[in-house]
Amino acid sequence: MASKNRPAEGAMTLAEIKEFAGFASSTQRYVRRSLDIGLEREDAMSRWSRDVIEAASIRAQARVYERLGDIRGTIPDDSGLDAIEGFMAPLITVTAFDLGQGRLTTFSAYRFLYERLVGAGVRPWLPGAFCAAAALPHLHPELRRKLLQSISEAAATASGWSNRQPSFFPAWVEKVDTGASLPN
C-alpha cells in the first residue's frame, strides 16, 4: 500500500519544486531566508546579511516571527468566529510585515511560504490574512493593487483545502565552482 502512495508524493514534491522555481530570484531568496528564521534552521544573520540594512531587516523579521509559535498553536479547527480573533490578528500582523518587505509580490509566493512556516492547517485562513494585510495602508498603493490582483478567484473562494503537509522546503545551496577541473 505504501508503494502506491510514493509516486503521488513524488509528483507533489516535484510540483512544489516547479512552483518555487517559477518565483523571481528575489522571492526565492526571501522565502529561503524566511524559512531559516521561522523554522530556526540556520543562522540567518550570517547566511543572509549582505549589509547593515539587511541585518536590521533580519533582526526585525526574527522579532516578528516570534509570534509563529502562537499562530501554529492556535489554528482554529472550524470557521467559528469566536475562535479566530486570537489567531487571525497575529497572522495578519506577521503577513503584513512580510508583504511590506516587497519580496512576496503574489498570493502564490505568500501561500508557498506560509504553508511551510505554519503548516497545512493554515491553508483555509491564508486568503483572508493575505487580503487583510495586502489592503493595509503601510503598503504603497501600487504594491497593494498588485498584491490584491494576484489572488485568483479560485484561491479566494475555495470550498476545501488539502491537509497534506508540504514536502519541499527550499534551502541555501552553495555555489559550485564550474571552472574547477574534475578528477579523472
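What follows draws every value from the coordinates through simple rules; no lab data is involved. In this text, all values refer to a predicted model and were calculated from it rather than measured experimentally. Quick reminder, even Gly has a Cβ in these numbers, built from the backbone with ideal geometry, and neighbours come from all protein chains shown.
Quick look at the numbers
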quantity	calculated
Relative contact order of the chain, defined on C-alpha pairs under 8 angstrom at six or more residues apart (%)	24 percent
At most 15 other Cβ within 10 Å, DSSP loop - trypsin sites (Lys or Arg not before Pro), the stretch 10-78	R41, R50
Longest DSSP-loop-exposure-free segment, GluC sites (Glu not before Pro), the chain, at most 15 other Cβ within 10 Å	41-173
At least 24 Å along the helix axis (C-alpha) and Kyte average at least -1.0, DSSP helices within the chain	2-21
With at most 16 neighbouring Cβ atoms within 10 Å, loop chymotrypsin sites (Phe, Trp or Tyr not before Pro) (DSSP) excluded, longest segment of the chain	1-160
GNM top mover of L99, L143, L14 - the chain, alpha-carbon springs below 10 Å	L14
Residue among L81, L91, L35 with the largest mean-square fluctuation in a Gaussian network model of the chain, springs linking Cα atoms under 10 Å	L81
Environment charge at P90 (Cβ cut-off 11 Å; Lys +1, Arg +1, Asp -1, Glu -1)	-1
Size of electric dipole in the chain: Cβ of Lys, Arg +1 and of Asp, Glu -1, about Cα centre, debye, nearest 20	420 debye
